[in-house]
Amino acid sequence: MSDTRNLKIAIIGAGASGMMALIKLRDAGISDVTIFEKADSLGGTWRDNRYPGITCDVPSMAYRYSFAPNAEWSHVCAPGPEILDYLKRVAAEHDLERDIRYGHEVLSADYADGQWHITTSKGDEGRFDAVLAAAGVLHHPAYPDIEGLDSFAGEMFHTARWPHDASLKGKRVGVIGTGSTATQITGAVVDEVAHYALFQRTAQWILPLANDPIPEEQREAYRANPALLEEEYERLSLEQTATFAAAVVGENPRAYAALERYCREHLELVKDPALKTKLTPDYKVGCKRLIMSGNFYQAIQKPNAELVTDGIERIEPEGVRTKDGRLHALDVLVLATGFDAHKIMSPMQVTGRNGKRLDATWEVAQEAYLAVTIPDFPNWFMIGGPNSPVGNFSWLQTAELQFGYALKLIEMLRDGQAREIAPKQEALRAFNDAVRAKMPDTVWASGCRSWYMDKHGHVASWPWTFDKFKADMQAPVLADYEIA
Ligand code: NAP
């Protein structure tokens, strides 16, 4: 151990992944770590998304760090503010904020002489031996390209920029989009608004989800016996891996048939045949990210709710004009139009070995080796890189596995076994060829458009089982790396 180095590490982003990386680096004895966070508080997506009805659609017992079991979730799927509170509590318990630089947006990272030189919006931050990029996947709001959008005279905002003081009570509200976000908002607000118009471009499959409260006695039992929490976590993980996660990648046809059946039966809640037809997708269940809801179909059938499918012609000061010529007069227009999931790390300028620019490299194809590393970008590790498992998994579980993989390489840097580690070009090629070969088996490639797809039409998710992901993340295959 005489060659051990004191590594200086930068983490980009103080969301759930960056926080976890800081905790685990400290646990590994690496203490010179700084998180650069562009916002003024932690929590990432759970800080940014505070729309009414926001709820995790992964069971809460599976949505937690392995090192921070939580007996306090109020519901089977926890409301967003509870998750943010959980993250804040973990941060406080680990005194994370002493190593977080808020208001520091990373503008550039340049590799030279074995180190990454980082510049943030606050200036030159110096050199780092390794970088963990944890800047989030669903981070950049996507605004719709609709004529007249800025002419709307009422209140208009994207769901990820929900104003703290917004009130929808008694108003005429329009929501554009029918993804997970819009679905959750619909159930949450329909009873308080005067009129609710949901502008649907594409119908969605919805899996029924009864989000029951977790009774206080149950929580008390979890507090008294944390092993129960662990058992529940294991049970949910095994169930998810064997059924849903295997079904969507074509590895469990029986589970897939069951998913389809549940969704079709769920649709039977819609009584009006015309409305049911409008709400019936023309693509396979799970092709777009499957939505979970226990109240959407009930909500959209309320007398003050309307599903608008005529297509938006333009936005006018008074509201939304649809292609049939009708003006839908509105007081509030909500853009539930999702995120640009392929702007990972954008607009940061990342320049690797020999002046190689990441944006130019990814312009051709957004590829990484095993979703974590990139040739010519040595000692740069990603959590949530291209082809990460971004389906309906617990992101916290995925992120910990990716970090565990990166840590093994970082420890080689620390222990003097390497100064520079980057995957070989052949390894990247072989991995991405395998991704492309497997993707047609998945339901995501079965003929719909979704945020999983990049602009080249490539699906940027993990096309194999979650078990394979876990196995691949156990230890790097060093033969696939250039180690200097
Ligand atoms: P999304 O799934 O990408 O949905 C965006 C919606 O906006 C789609 O219905 C899309 O229609 C529509 N849209 C976009 N541009 C449009 C335009 N110009 N005109 C009309 N409609 C337009 O976004 P999201 O609902 O925010 O969800 C994104 C992801 O966030 C989810 O899939 C999920 O991974 C995550 N999420 C998770 C939770 C959770 O509980 N864990 C909750 C919310 C979100 P098309 O389908 O026709 O493109």
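The values are calculated or read from the model by the stated rules, or taken from the named source; none is laboratory data. Note that the coordinates shown come from a computational prediction; the quantities given were computed from them, not determined experimentally. Cβ coordinates were reconstructed from backbone atoms using ideal geometry, including for glycine residues, and neighbour counts include every protein chain displayed. Areas reflect the complete protein model, heavy atoms only, side chains present, ligands, DNA and RNA absent. Shrake-Rupley method; radii C 1.70, N 1.55, O 1.52, S 1.80 Å.
Keeping every protein chain present and rolling a 1.4 Å probe, give me the accessible area per residue for region 77-136 in Å².
42
Could you work out how far the C-alpha centroid of region 394-417 sits from that of region 49-128, in angstrom?
About 17 Å separates the Cα centre of region 394-417 from the one of region 49-128.
Between region 172-224 and region 420-453, what is the separation of their alpha carbon centroids in Å?
First find each Cα centre; the distance between them is then 32 Å.
Taking 1 over the mean of 1/r across every pair of different Cα atoms in region 436-484, what Kirkwood radius in Å do you get?
12.9
Using a cut-off of 14 Å between beta-carbons, work out the net charge of the residues near TRP451 (Lys and Arg +1, Asp and Glu -1, TRP451 not included).
Taking every other residue near TRP451 into account, the sum is +4.
Report the rotationally averaged projected area of region 258-302 based on its alpha-carbon convex hull, in square nanometres.
Seen from a random direction, the Cα hull of region 258-302 projects 3.2 nm² on average.
Taking just the alpha carbons, could you work out the radius of gyration and Dmax for the chain, both in angstroms?
23.0, 76
Counting only the heavy atoms of the protein chains, how much of ASP376 is accessible to a 1.4 Å probe, in Å² to the nearest 10?
30
Show LEU229, LEU401 ordered by accessible area, largest first, where the area counts protein heavy atoms only and the probe is 1.4 Å.
Largest accessible area first, the residues go LEU401, LEU229.
In vacuum, with every alpha carbon of region 1-141 counted as one equal point scatterer, what does the Debye formula give for log10 I(q)/I(0) at q = 0.16 Å⁻¹? Two decimals, please.
-0.86
Return the distance in nm (one decimal) between the two label points of a simple spin-label model at GLU220 and THR277, each offset 7 Å from Cα along Cα→Cβ.
5.5
Determine the per residue accessible area of region 327-484 with all protein chains present and a 1.4 angstrom probe, expressed in square angstrom.
35
Please report the antiparallel percentage of the DSSP beta bridges confined to region 7-147, to the nearest 5.
The answer is about 50 percent antiparallel.
I need the peptides 343-354, 195-206 ranked by packing, meaning the mean over residues of other C-beta atoms within 10 angstrom, with the highest value on top.
Ranked by mean Cβ neighbours within 10 Å, highest first: 195-206, 343-354.
Do the sum for the chain: with -39,500 (n - 2.57) for every DSSP H run of n ≥ 4, divided by all residues, what is the mean residue ellipticity at 222 nm, to the nearest 500 deg cm²/dmol?
Mean residue ellipticity at 222 nm (helix-derived): -9000 deg cm²/dmol.
What would the Debye formula give as log10 I(q)/I(0) at q = 0.22 Å⁻¹ for the alpha-carbon point model of region 333-439, no solvent?
One equal scatterer on each Cα of region 333-439 leads to -1.38.
Taking 7 Å along the Cα-to-C-beta vector as the label spot, tell me the ASP467-SER66 distance in nanometres, rounded to one decimal.
In this crude label model, ASP467 to SER66 measures out at 1.8 nm.
Per the 1.4 Å probe, what fraction of the accessible area of the chain, in percent, lies on carbon and sulfur atoms?
Answer for the chain is 51 percent, counting heavy atoms of protein chains only.
Answer rounded, prolate or oblate for region 6-66, using the Cα gyration tensor with square roots of eigenvalues a ≥ b ≥ c: rounded when a/c is under 1.5, else prolate when a/b is larger than b/c, else oblate.
Here region 6-66 falls in the oblate category.
Given a Förster distance of 56 Å, report the FRET efficiency between GLN298 and ASP480 from their Cβ-Cβ distance, rounded to the nearest 0.05.
That gives a FRET efficiency of 0.65.
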